[in-house]
1. Within the chain, which is the longest segment that contains none of the chymotrypsin sites (Phe, Trp or Tyr not before Pro) sitting in a DSSP loop with at most 16 other Cβ atoms within 10 Å?
2. Out of the GluC sites (Glu not before Pro) in the stretch 394-460, which ones are loop residues according to DSSP with at most 12 other C-beta atoms within 10 Å?
3. Distance in nm between label sites at residue 452 and residue 276, each 7 Å beyond Cα in the beta-carbon direction?
4. Accessible area per residue for the stretch 304-449 in Å², computed with a 1.4 Å probe and the full protein assembly in place, what is it?
5. Excluding residues fewer than 8 places away in the same chain, name every one of the aspartates and glutamates whose C-alpha is closer than 15 Å to that of residue 122.
6. Heavy-atom accessible area per residue, the stretch 128-218, 1.4 Å probe: how many Å²?
7. Using 1/(1 + (r/R0)^6) with R0 = 41 angstrom and r between the beta carbons of residue 259 and residue 2, what's the FRET efficiency to the nearest 0.05?
8. When the Karplus curve 6.51 cos²θ - 1.76 cosθ + 1.60 is applied with θ = phi - 60°, which whole-Hz ³J(HN,Hα) does each residue of the stretch 429-435 get, with x for Gly and Pro?
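The values are calculated or read from the model by the stated rules, or taken from the named source; none is laboratory data. What you see is a predicted model; the values in this text were computed from it and never measured. Positions of Cβ are backbone-derived with ideal geometry, glycine not excepted, and every protein chain shown enters the neighbour counts. Note: accessible area is taken over every heavy atom of the protein model, side chains too, but ligands, DNA and RNA are not part of it. Shrake-Rupley method; radii C 1.70, N 1.55, O 1.52, S 1.80 Å.
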Amino acid sequence: MAFPEGFLWGGATAANQCEGGYDEGGRGLANVDVIPHGPERRLVTAGLRKMLDFEDGYYYPAKVGIDMYHRYKEDIALFAEMGFKTYRLSIGWTRIFPQGDEDEPNEEGLAFYEDLFRECKKHGIEPLVTITHFDCPIHLIKEYGGWRSRKLIDFYKKLVTVLFTRYKGLVKYWLTFNEINMILHLPFMGAGIVFEEGEDHEAAEYLAAHNELVASAWATKIAHEIDPEMKIGCMLAAGTYYPYSCRPEDVRAAQLANQENYFFVDVQSRGRYPGYALKELERRGIDIGMTDEDRQILAENTVDFISFSYYSTRCSAGEGSDAERTEGNAFAGAKNPYLKASQWGWAIDPLGFRITLNDLWDRYQKPLFVVENGLGAKDEVNPDGTIDDDYRIDYLRQHIEAMRDAITEDGVEMLGYTTWGPIDLVSAGTGEMSKRYGFIYVDRDDAGEGTLARSKKKSFYWYKKVIATNGADLA
Ligand code: BGP
């Protein structure tokens, strides 16, 4: 048997990329709402262009998303038809606390997710919930400066206490922050940071990172107190950095780049700041405001499992290299000449998936949960309405094989695997709809035109078979 009994197969989405209904149900405005499609998107997500409200002349794809707010029953039924064991989704913080700092939660928002979780359970699907997926109330950004402020720790504690109490018995698996290391790459998305003129960017990012790490540890503590059955995971945008060559400068550059990512999980899983991070903060004169209480909370409340997204490996070149640069999931790096890339320039590396799984398992020795993997590609609808997405099937097949090898040949322990975007949704990086990951096609284009109707692609039937055979039949 390749995959363990009870392996959690499924798919993953994020509220801001699919829900829509941005002003319904008492919901407040969030950073993710005001990130436009188009050339300025990157600057906004990076905190370099201040946009804290809708501005004329821009298109904001998150306002409608794929309208899952109104269609989740239909969509969950389709996931169930594929045999999903789990469905990863995220909570819109501003559905629960519209401003972020209220005393009382918004009942309509709580009821919405309760209903959604019950719908999952009805189909035998275990919800896997990301508490924040690039999500921060606009009010907390305007009033407190986002996660730079320690006050956010308290607001987050309040949020998780409400969630864990309300959904006790309904939700077992929780992730505290999606791709927490994105703070260093897309700080507006990752931490609600808009840089001030002349501000030390790194200092702001590491301060926000510290506050999120402490908040994450508090969430773990609170969850275990409310329900010892709950399992809390961290979530990393993973993908091992290879050295561009065996030149020691390149090897060292890759080591440093890997440490920059591991830093987050080192704290969340080992419970303390690693030496290399403390030294680096000291060298740069960055004060993260660590208290004795922080130290204790971090040490006593490490995560139960390690979750991560994997799209590709990355490549690092040291000083004096002539390596070509390339794109990839917000991490630009050296171009790996041995790998082919997706239509969006992301390297495709299934063996790198096995390598990444081994690296994380060796380092942390905690069960791994792959909560994002997939291929963003353009799809063409045939005249009869069908979609032959063999390229997507190929990508997933190769990655699932690599994951199987990591389990069966290397002894890596895993809880499950959720593909990114089982239903087409708005791209986080580009705001496009045409960058599709789904088994389910959604009729909507980059300008927001289309009926939003759902239809099954060829990969829908393929993934259904994969799940039905617990990964034995990947043909
Ligand atoms: C991850 C995010 C997701 C998702 C995915 C694909 O970084 O957690 O939200 O969108 O990447 O990226 P993109 O949408 O840019 O193709």
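1. That gives 60-337 as the longest site-free run.
2. Numbers: sites: 401, 409, 413, 432, 449; in loops: 409, 413, 432, 449.
For GluC sites (Glu not before Pro) across the stretch 394-460 that sit outside H, G, I, E and B with at most 12 neighbouring Cβ atoms in 10 Å, the list reads 409, 449.
3. 4.6 nm
4. 38 Å²
5. Of all the aspartates and glutamates, those that pass the test against residue 122 - Cα under 15 Å, at least 8 places apart if same chain - are 74, 75, 81, 114.
6. Accessible area per residue: 28 Å².
7. It comes out at approximately 0.80.
8. Residue by residue, the stretch 429-435 yields x, 10, x, 7, 8, 6, 8 Hz.
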